[in-house]
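Reading through the structure tokens given below for one structure.
All of the numbers you see were taken from the coordinates with simple rules; none came from a lab. These numbers come from a predicted model, not from an experiment. Heads up, the Cβs are rebuilt from the backbone with ideal geometry, glycines too, and the neighbour counts pull from every protein chain shown.
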């Protein structure tokens, strides 16, 4: 299978001449940047760019399940880590048939809007008798339904998802009433209802009528409907507060993940020290103590014990070294990301082309996260891809650091929940960074790592 | 033999001074930071320098940089670099000047005193002393697609020892075989790798290291 046929969006192959990375990368960049704000959306797009990614592996990796990053199970072939988000095709603005249907729907939506209006008038009028306050709860529900339906249709017309968020909570009728009365989103619903029964209705109706008047309807109706959709988005689309709330949700999630991650890391380090270096040092002390005891009575045995002690000290040092490498590789501290990646490439069992250009140094935690992500990608490539060449490309465009790790191997790589790449994805998420994988069956495999950050010289 | 020593941890510095003095080295100056190291190397011009990679003020690869800078000024100045970890990147930088008189060893190797002293002497004499860990990393790069794969296990072992910088006599002693047998193995290795034989031990080692450093052929 040639890479061109499996992967039409990108120029063929990974056997790139010098300077070809940006071209291969060009198809990815805009979505990558969008991903910095909306992780879920990007992953959906990435999946749909590569139709082959979902197909069952025909050849390639041996069918033994469970090795990290490359499951044999074709059922988990979406390359995604959060199954809760359903895959959605990229939205496109609606065509004329859809617009025609939308205009009908918009016109008929005036009925529930009028219902809402009547309820509103009734509840205001009877507010004095307390009943109105409770009626207000029902009114708010109807109004929310109306603006919700308008949001859906407007989203369909514009080809995007229009969301807003209402305040939740409030126990008991009065608690609920307080929340509903103080939620700005509810009041926007009220304002929108007035628009929907007046100007909004007029625009929708004109659009519907214009459809039947050839030829002006051909261009006038879509124009009117788009106007209507944009107005809807402005009136009841996401508010600044809603966007903030979404962001808070994201931050809460990534924070709790990074807290979990560092707690798990500390536990691992503690265990490694306890079973490794610490135990070796205990043995060493024991041997030296015995040797001290024996040195006059049996110098030969003492010498043997001292030799044992030396071996223990070497093993302990080796274990500490590998532990330190796992925490913060010394070469990264010495030489930064550029030197660290160079060192990774040198230690790789196969040739690695390195193209890293950085004008300064990213913040230390970003350096470390990117370093480990690149290291994991390289390890996976060496273990499973049977690639002949592997390459690393890294740039900083002023706002976002992007690293690509690619190989010309057999492809079919997956991010498995709980695997190494998924862990690094979580770690990167703490910096609003992302890790995504494109690996169609037959290759090539490209791991894309992006982290928004600033460089210091 | 005059030695300049650079090590920032007092405990290790004192230990090394004691060890070196016991083997009749004269420690002309022991420094604990990068800038003083460069000054000490250029003023004393010692027979050999023993240098820790990580030194103040930056606590990064200050020692290595100072050693490389000193070798720029005094070509061939023998330097033995010690480190808590070995990094192929640094081995390559030390070797890239193309002359001998360099060593790169894990600090743990100090515990094998005889071998450590032997390594210092070798470096002082213009030879090389590469840590077995550097060599084993280099060898894994030549695992399946390079002529190195066509060597017999015995020849690979000899190649490893040779790349560390040992002489035929030392290799023979380490492998419990005769020097003549080592000679036979080295001949065969040079033919299989297509390298030119050289009478000079140092040049032989550098040729082997340069070969292993290069990317394996496909």
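Side notes on the structure shown:
- Between helix B:201-213 and chain B: long-axis angle, C-alpha atoms, 0 to 90°, nearest 10: 80
- The range B:71-98 and the range A:228-280: distance between their alpha carbon centers, rounded to Å: 43
- Tensor-based shape of the range A:383-423 (alpha-carbon gyration tensor, a/c under 1.5 rounded, otherwise prolate or oblate): oblate
- Put in line by how crowded their Cβ is, counting other Cβ atoms within 10 Å and starting with the fewest, B:51, B:102, A:400 read A:400, B:51, B:102.
- Segment residue A:264-residue A:250, length gained on full extension (0.36 nm per residue, minus Cα span): 2.9 nm
- Segments A:324-335, A:357-368 sorted - mean Cβ within 10 Å per residue, highest first: A:324-335, A:357-368
- Ranking of A:396, B:161 by neighbouring Cβ atoms within 10 Å, starting from the fewest: A:396, B:161.
- What separates the Cα centres of the range A:169-191 and the range B:3-45 is a distance of 76 Å.
- Residue mean of other protein chain beta carbons inside 10 Å, B:80-89: 5
- Among B:76, B:98, B:194, residue whose mean-square fluctuation peaks in a GNM of chain B (springs only between Cα atoms under 10 Å): B:194
- The residues B:86, A:370, B:123, when put in order of fewest to most other Cβ atoms within 10 Å, stand as B:86, B:123, A:370.
- Across chain B, the mean sequence separation of Cα contacts (distance under 8 Å, 6 or more residues apart), normalised by length, yields a relative contact order of 14 percent.
- Full extension of the chain between residue A:118 and residue A:456 yields a length gain of 115.5 nm, computed as 0.36 nm times the residue separation minus the alpha carbon distance.
- Length gained when the stretch residue B:203-residue B:26 is fully extended (0.36 nm per residue, less Cα-Cα span): 60.9 nm
- 0 to 90° range, to nearest 10: angle between helix B:62-73 axis and chain B longest Cα axis: 80
- Spatial separation of Cα centroids for the range A:400-457 and the range B:125-155, in angstrom: 33
- Whether the range B:1-134 is rounded, prolate or oblate, judged on the alpha carbon gyration tensor where a/c under 1.5 counts as rounded: rounded
- Relative packing of peptides B:1-7, A:235-241 - highest average C-beta neighbours within 10 Å first: B:1-7, A:235-241
- Relative packing of peptides B:174-183, A:443-452 - highest average C-beta neighbours within 10 Å first: A:443-452, B:174-183
- Shape of the protein assembly as shown, Cα gyration tensor, a/c cut at 1.5: prolate
- For the range A:422-450, backbone nitrogen atoms closer than 20 Å to the point 7 Å from residue A:361 Cα along Cα-to-C-beta are found at A:431.
- Peptide B:1-11 has a mean shielding of 0, counted as Cβ atoms of other protein chains within 10 Å of each residue's Cβ.
- FRET efficiency estimate (nearest 0.05) - Cβ-Cβ, residue A:108 to residue A:176, R0 22 angstrom: 0.15
- Average beta carbon contacts from partner chains per residue of A:341-348, 10 Å cutoff: 4
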